[in-house]
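Trainee: Let me begin by handing over the structure; questions about it come next.
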Amino acid sequence: MASVAQLNNDEQEEKEEESMGVGEIVWQTPANPPQRSDYIFHNGRRHVRPYYFEFIAHVKNRWAGKTIVDLFAEEFKGRPYEYFVDAVKCGRIQVDGEMVPVSYIVKSSQKISHFLHRHEPPVMAWDVKILKEEAEVLTVCKPASVPVHPCGQYRKNTVFGILQAEHGLAPLFPIHRLDRLVSGLLILSRNASKADLFRQQIESGLVKKQYLAKVVGVFPEEEQVVDVNINYNAREGKSTAEDTPTKGKAAQTKFTRICSDGVHSIVLCEPITGRTHQIRVHLQYTGYPIANDVLYLTKETSGRSVQKTGTDGAAAISACSRARDIQEDCVNARNEKSNEDFRIDPMCTNCPNLGPKGYDREEEGLWLHCVQYSGPGWIYECPYPEWASLK
């Protein structure tokens, strides 16, 4: 007969296993909509309160024959091997909805669930401002650093997630793409058929696009047309301009200088085609890259950007400080109401941090802003950003 001490120990172990496993936890899936209370505003950043989420995948042919632990350790890196062993043992990783031993061999097409304490990367705390709300179309000013739709580690910290949480706007369908670090006009459709109509016009070359960029140096007064192929390297996440016509894809961009202060220039950018990082790469190709684009700034152009007089340097710092002050003012009220408490998960490799590991850097938006899209019988615009004023 078991002793009282042994029964107490067994009871304690059972409680610990429940706290680490799938019991007593509300697990979210993509079907759970974001809520206003999901966000925490801290130090000028919008964070997402960590939450429990079920990631679902199906076994690919190349995964078949591996143990469940080896599969995760090899294909889903970023956590130690021991984590995946513990996750399988306590049911945080399941196959076809069932717990399995660590030695379990997976088969093709089986459903794999990973129950995870999810930490999303923070984004800048600007609001997603609604510009125009029509029966079938919604236009907003997208803040820099915020992805348009769920992707990678981002789900709630997206334009779609924020609009649903704060305005109840869903479903929405994207008309065009804006990179995460780019700000400005974003056109969204309320239904799939309207979105398809817009996309057909874009693919047919009937839509004109205009962006603003703040570049290094004094951009030429005369209009510049760059007609150079672009080759995108998905592994590096970077594009290159190719003088060889057989490399990359055809790309063309028109540039017009709006103003210059002798150190930087504000340039109107009109992409004729739509390649990945097209404007950024073509500006680099002209020798006048975007002034804060660390991905495409060369040592030479970076030096030109920072070689300023004391007054110019102070003005640049002052402008950045004003932008941060405005950003802080926008969220002060929300900061006071935000409750930063969240459940610390004993198995989570990111806890007790609010964001995921590796996302503690101070990220600023790219000086590239979409200002206008126009097509047959329609035009949508977005106000200029503060950095477009060279004073």
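The values are calculated or read from the model by the stated rules, or taken from the named source; none is laboratory data. Since the structure is predicted, the reported quantities are computational estimates derived from the model, not experimental observations. Every residue, glycine as well, gets a Cβ built from its backbone with ideal geometry; the counts of neighbours run over all protein chains shown. Surface accessibility is based on the protein's heavy atoms, side chains included, excluding ligands, DNA and RNA. Shrake-Rupley method; radii C 1.70, N 1.55, O 1.52, S 1.80 Å.
Trainee: Say whether the condition of being of a type outside the set (Asp, Glu) and over 30 Å from ALA64 (Cα atoms) is met by at least one residue in segment 110-119.
Mentor: Start the filter on segment 110-119 by keeping residues that are of a type outside the set (Asp, Glu), which leaves 110-119.
After this cut, where a residue has to be over 30 Å from ALA64 (Cα atoms) as well, the list is none.
Among the residues of segment 110-119, not one is of a type outside the set (Asp, Glu) and over 30 Å from ALA64 (Cα atoms), which makes the answer no.
Trainee: Give the number of residues within segment 238-249 that are open to solvent by less than 70 Å² (accessible area, probe 1.4 Å) and of a type outside the set (A, V, I, L, M, F, W, C).
Mentor: 6
Trainee: Hey, any hits in segment 247-257 for a residue that's closer than 30 Å to LEU172 by Cβ and touching a helix residue (DSSP H, G or I) at 6+ places or on another chain (Cβ under 8 Å)?
Mentor: Yes: one or more hits.
Trainee: Name the single residue that is farthest from THR253 (Cα to Cα) among those in segment 176-221 being free of Cβ contacts under 8 Å to residues at least 40 places away in the same chain and among the hydrophobic types (A, V, I, L, M, F, W, C).
Mentor: ALA192
Trainee: Might you check whether a residue that is over 28 Å from the mean Cα position of the chain (by Cα), within 15 Å of LEU390 (Cβ to Cβ), in a helix (DSSP H, G or I) and at pLDDT below 65 occurs anywhere in segment 298-312?
Mentor: Yes, there is a match, as at least one residue in segment 298-312 is over 28 Å from the mean Cα position of the chain (by Cα), within 15 Å of LEU390 (Cβ to Cβ), in a helix (DSSP H, G or I) and at pLDDT below 65.
Trainee: Residue by residue through segment 71-98, note down the ones that are in contact (Cβ under 8 Å) with a residue 12 or more places away in the chain, of a type outside the set (A, V, I, L, M, F, W, C) and in a helix (DSSP H, G or I).
Mentor: Residues satisfying the conditions are GLU75, TYR81, TYR83, ASP86, LYS89.
Trainee: Of all residues being among the small types (Gly, Ala, Ser) and under 27 Å from CYS351 (Cβ atoms) in segment 58-104, which is most open to solvent (accessible area, probe 1.4 Å)? Just the residue, please.
Mentor: Step one: list which residues in segment 58-104 are among the small types (Gly, Ala, Ser), which gives 64-65, 73, 78, 87, 91, 97, 103.
Okay, now just the ones that are also under 27 Å from CYS351 (Cβ atoms), so 73, 78, 87, 91, 97.
On the way: ALA73: 28, GLY78: 75, ALA87: 0, GLY91: 0, GLY97: 46 Å².
Among them, the one singled out is GLY78.
Trainee: Could you run through segment 202-217 and say how many residues are open to solvent by 40 Å² or more (accessible area, probe 1.4 Å) and either charged (D, E, K, R) or under 23 Å from the mean Cα position of the chain (by Cα) (or both)? Before you say what the answer is, go through the steps one by one.
Mentor: If we filter segment 202-217 for residues that are open to solvent by 40 Å² or more (accessible area, probe 1.4 Å), which is where we start, we get 202-206, 208, 210.
Subsequent filtering for residues that are either charged (D, E, K, R) or under 23 Å from the mean Cα position of the chain (by Cα) (or both) retains 203, 208, 210.
So the answer is 3.
Trainee: Moving on to the next point. State which residue is least open to solvent (accessible area, probe 1.4 Å) when the search covers only segment 364-385 and only residues that are part of a loop (DSSP other than H, G, I, E, B) and of a type in the set (Gly, Ala, Ser).
Mentor: Taking segment 364-385 first, the residues part of a loop (DSSP other than H, G, I, E, B) are 364-367, 376-377, 382-385.
From what's left, of a type in the set (Gly, Ala, Ser): 365, 377.
Numbers: GLY365: 14, GLY377: 90 Å².
So the residue we want is GLY365.
Trainee: Name the single residue, out of those in segment 130-156 being more than 17 Å from the chain's Cα centre (by Cα) and charged (D, E, K, R), that is farthest from HIS167 (Cα to Cα).
Mentor: Step one: list which residues in segment 130-156 are more than 17 Å from the chain's Cα centre (by Cα), which gives 130-139.
Narrowing further to those that are charged (D, E, K, R): 132-134, 136.
Working: LYS132: 14, GLU133: 12, GLU134: 14, GLU136: 16 Å.
Out of the qualifying residues, it is GLU136.
Trainee: Which numbered condition trips up ARG235, out of (1) open to solvent by 20 Å² or more (accessible area, probe 1.4 Å); (2) in contact (Cβ under 8 Å) with a residue 60 or more places away in the chain?
Mentor: (2)
Trainee: If the Cβ limit is 7 Å and pairs must be 6+ apart or interchain, which residue in segment 156-175 that is within 17 Å of ILE187 (Cβ to Cβ) and open to solvent by less than 30 Å² (accessible area, probe 1.4 Å) pairs with which residue that is at pLDDT below 95 and part of a strand (DSSP E or B)?
Mentor: none
Trainee: Would you be able to tell me the number of residues in segment 127-142 that are assigned to a loop (DSSP other than H, G, I, E, B) and touching a Leu at 6+ places or on another chain (Cβ under 8 Å)? Break it down stepwise before answering.
Mentor: Of all residues in segment 127-142, those assigned to a loop (DSSP other than H, G, I, E, B) come to 127-128, 134-136.
Pick out the ones that are also touching a Leu at 6+ places or on another chain (Cβ under 8 Å) and you get 128.
Selection size over segment 127-142: 1.
Trainee: OK, next. Within segment 274-290, is even one residue free of Cβ contacts under 8 Å to residues at least 12 places away in the same chain and not polar (S, T, N, Q)?
Mentor: no
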